[in-house]
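Read the structure below first, then the notes.
The values are calculated or read from the model by the stated rules, or taken from the named source; none is laboratory data. Here the structure is a predicted model, which is why all the values come from computation and not from measurement. We place every Cβ from the backbone using ideal geometry, glycine too, and count neighbours over all the protein chains shown. When the accessible area is computed, the model is the full protein with side chains, heavy atoms only, and any ligands, DNA or RNA have been set aside. Shrake-Rupley method; radii C 1.70, N 1.55, O 1.52, S 1.80 Å.
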Amino acid sequence: MVNDVRQRERERQVEKPRETDGLPVLWHLKVSPYNEKARWALDYKGVPHRRRAITPPEHVKIARRLSDGRTFPVLELDGEAIGDSTRIIAALERLRPEPALYPSDPVERRRALELEDFFDEELGPHLRRALFHAVLPDADFASAFLTVGTGAVTQRLYRLCFPLVRAVMRADMRIDDAGAALGVRKIGAALDHIRAKLRPSGYLVGEGFTVADLTAAALLYPLVLPPEAPYRLDRPIPPAAAEMRGSFAAHPAFTWAAGMYRRHRGTSAEVAGR
């Protein structure tokens, strides 16, 4: 019975959108920082789009079907399925150049893209690993966190299956004590890197908001928990996660990331409905 329900849910999730309006479709995980990076870019540029939220680990199968990858986000745009948040932003820059996320000056553009790559590689995976190490032991919180915004039936089924989901996540992301300890060190190093790179303007490159600022702030959102971020779970985080968050809360880059959300997160450009 449970398997039949899950199979029907999977089939429903991977259906192509029925609209004929040609809007881009973002396939995403609601609580992933890389998916937040893509959402923020779409919203910042004011690109009307539809969203299809999937719960892990079901997204792996759907990503393979859409783009031959295994991760989200995936953006369906003009008949192409674009995986990876960096490639999505590059496509959005071509689709809608203004407001720009890439600086017009070639030197500044190179710096912004280098910083985007740095945070993608040196912050995102390590923060995710450290955070899940702190959250996964609390099965009730973690299952609710991963299914935020879904229906009651999906949440109950997910909670029943969560021990298996947790084991898959730990193996897939190498979530263990050593990985979490490394993650905490990498978070600290990334925050120090932000502080070192900040310009007098308050931005990482030049005089305004760029892909570098967006990437750093979006990847920090599960740690900073800014009120402007979508899909937040309205309950206290587990003590281990709260302790980790508290250890970074006084860092200037933590405050900076919260400020980027206040100043630039803006209004969602999602178009509701199927």
Quiz item: Can you spot a residue in segment 254-271 that is modelled with pLDDT under 95 and either out of contact with any strand residue (DSSP E or B) (no Cβ under 6 Å at 6 or more places or on another chain) or at positive phi (or both)?
Solution: yes
Quiz item: Any idea how many residues of segment 96-111 are open to solvent by less than 80 Å² (accessible area, probe 1.4 Å) and either touching a Gly at 6+ places or on another chain (Cβ under 8 Å) or not small (Gly, Ala, Ser) (or both)?
Solution: 8
Practice problem: Say whether the condition of being more than 27 Å from Pro125 (Cα to Cα), among the small types (Gly, Ala, Ser), modelled with pLDDT of 90 or more and not in a helix (DSSP H, G or I) is met by at least one residue in segment 26-44. | Solution: no
Quiz prompt | Pair list, Cβ under 7 Å, 6 or more apart: segment 76-105 residue over 10 Å from Val211 (Cβ atoms), other residue open to solvent by 50 Å² or more (accessible area, probe 1.4 Å) and β-branched (Val, Ile, Thr) | solution = Gly83/Thr71
Quiz item: Just a yes or no: is a residue in segment 69-80 at pLDDT below 95, in a helix (DSSP H, G or I) and open to solvent by 20 Å² or more (accessible area, probe 1.4 Å)?
Solution: no
Practice problem: Sort out which residues of segment 226-274 are among the hydrophobic types (A, V, I, L, M, F, W, C) and either closer than 18 Å to Pro137 by Cβ or open to solvent by 60 Å² or more (accessible area, probe 1.4 Å) (or both), and write them in order of number. | Solution: Leu233, Ile237, Ala240, Ala241, Ala242, Met244, Ala250, Ala272
Quiz prompt | Selection count, segment 184-207, where residues are surrounded by 15 or more Cβ atoms within 10 Å (Cβ to Cβ), within 26 Å of Asp105 (Cβ to Cβ) and either of a type outside the set (Val, Ile, Thr) or at pLDDT below 95 (or both) | solution = 7
Practice problem: Could you check how many residues of segment 42-64 are in contact with a Ser or Thr (Cβ under 6 Å, 6 or more places away or on another chain) and more than 30 Å from Arg159 (Cβ to Cβ)? | Solution: 1
Quiz prompt | Test for Glu93: is it open to solvent by 20 Å² or more (accessible area, probe 1.4 Å), outside any helix (DSSP H, G or I), under 30 Å from Glu207 (Cβ atoms) and among the charged types (D, E, K, R) | solution = no
Quiz item: Can you spot a residue in segment 214-225 that is closer than 20 Å to Pro73 by Cβ, modelled with pLDDT under 95 and not in a helix (DSSP H, G or I)?
Solution: no
Exercise. State which residue pairs qualify: first residue farther than 16 Å from Glu36 by Cα and inside segment 253-274, second residue part of a helix (DSSP H, G or I) and at pLDDT 95 or above in any location, beta carbons under 7 Å apart, and separation of 6 or more residues or different chains.
Key: Ala253/Leu191; Ala253/Ile194; Ala253/Arg195; Phe254/Leu191; Phe254/Val224; Phe254/Phe248; Trp256/Ile194
